[in-house]
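Participant: Sharing a structure, written as structure tokens. Questions coming.
The values are calculated or read from the model by the stated rules, or taken from the named source; none is laboratory data. Everything numeric here is computed off the predicted structure, so don't read it as measured data. FYI the Cβ positions are ideal-geometry reconstructions off the backbone, even for glycines, and counts take in every protein chain you see.
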Amino acid sequence: MTQFTDLGLAEPILRALSDEGYETPTPIQCEVIPAMIEGRDVLGIAQTGTGKTAAFTLPILNRLHTENLRTQPKTCSALILSPTRELSAQILENVRAYGRHMRVTSTLVVGGVKPGPQIRALSKGVDVLVATPGRLLDLMESGAVRLNQTSTLILDEADQMLDLGFFPAIRKIVGFLPKKRQTAFLSATMPKPIRALAQEMLDDPKQVSVAPESRPIERIEQSVVLLPKESKKDLLLELMSDRAVERAIVFSRTKHGADKINRHLVDYGLKSAAIHGNKSQAQRIKALDGFKTGAVKILVATDIAARGIDVDNVSHVVNHDLPNIPEAYVHRIGRTARAGKSGVAVSMCEPGEYEYLRDIERLTGLDIERVYLGDEDKFLAEAKKATPAASQKKQQQRPARKKPFTADSRPQGQRQGGGNRGGSGPSGGGQSGGGAKRPRRRNRSGARTPA
Ligand code: AMP
């Protein structure tokens, strides 16, 4: 088995890895570290949890250790771009941990905080700069930093950067870097626009693709509760009051929604905090730290704020709203069942979100266990009404599902029978996270299963 000592890393780095308690390199580290030490570009398809941060950070530190060059004022030797402040802060933490036995300077440039301290930190020049694209561009334009001495560029979570509309900023930033440089480009997925940008930026890259060590999705008990919109609040309280909930993340599609949900939980006496893009950096750090230490039991988050958050022991994920981008469902539920543990993911689906549920099932190939709170036929009729015309058309054009249609998944017009399959409203027996009391439910083959 490959050891860290086989990868060509310098002694102070090996010592820091031993301090961290890392015994062996992960698969992505085994491939990326030697390639980057050789000076090659890298194109990596990898998600959070694979050890990708160390995979690109360690070779940077190794180069800084061997070259031992002085960084000039207002420049940086290596630049790491990431989509969110949280992820950038986490990467910086790693740079500092792995570089603790070396003399490496590093700093963070992200939005949402005053630029003054960042400008001062850059004035002498830094070895490693971790940044989000927007603020970096602002500081470049004001002359606080130049990238003409930057010899390594890392782009982390490129697909998320695309979703956030950062590509024009990235192209601009890359235009200021020297042509002769080393670039590593990492993304969890590789749709066409990402591949195109990677091709523009990379020179004969080593391609690496790794799946997370074990696909967590298999260890997650997933269910979806189909319910009227107005029942969501009560069900959430019921779920979050369950003793089985150790630490939970509740997802909201919007920032405003996240605040409302959080207020509702706090008013009820639950230890909850919200994290999203409209919160100040200090508020976000406080919420996240509280969640990590256990002072906060429930974190209410938007997709963007939660991306890249690496917290162990999240027992439950609740989708208060279903995401309109099906891939986000996989990212969300992947916050639980980390580090070999199992987890519970409960999603709430109101009639207007039914199409999102079908998109998620199509993407994942899963038939997520369904529980109807209230009248099933009424729900499905409302869902049909709520489905936009364009989406109905899209549905007709879709290729047949791999699995045969079942009673619940057939287009509503073709379903037979009816009546109230769902049982009671939330007060009459909502579903609890650990699988406590549940309303009568149907599995996707149409058979009823005991409550
Ligand atoms: P990442 O994919 O970079 O978000 O890393 C996921 C987690 O794995 C982080 O908590 C790292 O500290 C940890 N980690 C990274 N490399 C190793 C390793 N070789 N052995 C054990 N843990 C690691």
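Participant: So which residues in the stretch 19-31 are within 19 Å of Ile91 (Cα to Cα) and more than 11 Å from the ligand (Cβ to nearest atom)?
Facilitator: Once the filter is applied, which keeps residues that are within 19 Å of Ile91 (Cα to Cα) and more than 11 Å from the ligand (Cβ to nearest atom), the stretch 19-31 yields only Asp19.
Participant: Kindly indicate whether Asp138 is under 20 Å from the mean Cα position of the chain (by Cα), in a helix (DSSP H, G or I) and acidic (Asp, Glu).
Facilitator: no
Participant: Ok, one more. Tyr22 is checked against (1) of a type outside the set (S, T, N, Q); (2) surrounded by 20 or more Cβ atoms within 10 Å (Cβ to Cβ); (3) under 24 Å from the mean Cα position of the chain (by Cα) and fails just one. What number does that condition carry?
Facilitator: Evaluating Tyr22 over (1) of a type outside the set (S, T, N, Q); (2) surrounded by 20 or more Cβ atoms within 10 Å (Cβ to Cβ); (3) under 24 Å from the mean Cα position of the chain (by Cα) leaves (2) as the failure.
Participant: Within the stretch 117-132, can one find any residue that is assigned to a loop (DSSP other than H, G, I, E, B) and surrounded by fewer than 18 Cβ atoms within 10 Å (Cβ to Cβ)?
Facilitator: yes
Participant: Specify which of the listed residues (Thr183, Thr150, Thr189) is closer than 20 Å to Arg40 by Cα, in the same structural domain as Phe56 (by TED's automatic domain parsing), of a type outside the set (Lys, Arg) and assigned to a loop (DSSP other than H, G, I, E, B).
Facilitator: Criteria check complete, one pass: Thr150.
Participant: Okay, moving on. Which one of Pro83, Pro168 is surrounded by fewer than 18 Cβ atoms within 10 Å (Cβ to Cβ) and either touching a residue at least 24 places away in the same chain (Cβ under 8 Å) or assigned by TED's automatic domain parsing to the domain that holds Lys52 (or both)?
Facilitator: Pro168
Participant: Checking Leu322 against (1) in contact with a helix residue (DSSP H, G or I) (Cβ under 8 Å, 6 or more places away or on another chain); (2) under 28 Å from Ala54 (Cβ atoms), which single condition isn't satisfied?
Facilitator: Going through the list (1) in contact with a helix residue (DSSP H, G or I) (Cβ under 8 Å, 6 or more places away or on another chain); (2) under 28 Å from Ala54 (Cβ atoms), Leu322 breaks only (2).
Participant: Further, regarding this structure: Regarding the stretch 258-278, can at least one residue be identified that is within 23 Å of Leu87 (Cβ to Cβ), buried (at least 18 other Cβ atoms within 10 Å of the Cβ) and charged (D, E, K, R)?
Facilitator: Scanning the stretch 258-278, I find no residue that is within 23 Å of Leu87 (Cβ to Cβ), buried (at least 18 other Cβ atoms within 10 Å of the Cβ) and charged (D, E, K, R), so the answer is no.
Participant: Here is a further query. List the pairs whose first member sits in the stretch 5-32 and is without any contact (Cβ under 8 Å) to a residue 60 or more places away in the chain and in a loop (DSSP other than H, G, I, E, B), whose second member is acidic (Asp, Glu) and away from the ligand (no atom under 12 Å from the Cβ), and whose Cβ atoms are under 9 Å apart, counting only residues at least 6 apart or on separate chains?
Facilitator: Note: pairs meeting the criteria are Gly8/Glu38; Pro25/Asp6.
Participant: Next question, about the same structure. Contact list please: Cβ distance under 6 Å, first residue in the stretch 41-62 and within 14 Å of Leu87 (Cβ to Cβ), second residue of a type in the set (Asp, Glu) and within 7 Å of the ligand (Cβ to nearest atom), pairs at least six apart or on different chains.
Facilitator: Going by the 6 Å Cβ cut-off, there are no qualifying pairs.
Participant: Please go through the stretch 62-98 and give me each residue that is outside any helix (DSSP H, G or I) and either closer than 25 Å to Gln160 by Cα or touching a helix residue (DSSP H, G or I) at 6+ places or on another chain (Cβ under 8 Å) (or both), ordered by number.
Facilitator: Pro73, Lys74, Cys76, Ser77, Ala78, Leu79, Ile80, Leu81, Ser82, Pro83, Thr84
Participant: Among the residues that make up the stretch 152-162, is at least one of them without any contact (Cβ under 8 Å) to a residue 60 or more places away in the chain, within 19 Å of Pro83 (Cβ to Cβ) and either of a type outside the set (D, E, K, R) or touching a Leu at 6+ places or on another chain (Cβ under 9 Å) (or both)?
Facilitator: yes
Participant: Which condition number does Tyr98 fail, the rest of (1) surrounded by fewer than 20 Cβ atoms within 10 Å (Cβ to Cβ); (2) within 12 Å of the ligand (Cβ to nearest atom); (3) assigned by TED's automatic domain parsing to the domain that holds Gln199; (4) over 23 Å from Leu202 (Cα atoms) being met?
Facilitator: Among (1) surrounded by fewer than 20 Cβ atoms within 10 Å (Cβ to Cβ); (2) within 12 Å of the ligand (Cβ to nearest atom); (3) assigned by TED's automatic domain parsing to the domain that holds Gln199; (4) over 23 Å from Leu202 (Cα atoms), Tyr98 violates only (1).
Participant: Quick check on my filter: what residues within the stretch 32-57 are surrounded by fewer than 21 Cβ atoms within 10 Å (Cβ to Cβ) and near the ligand (Cβ under 6 Å from one of its atoms)?
Facilitator: Selection gives Gly49, Gly51.
Participant: Further, regarding this structure: Residues in the stretch 63-72: is at least one of a type in the set (S, T, N, Q) and within 14 Å of the ligand (Cβ to nearest atom)?
Facilitator: no
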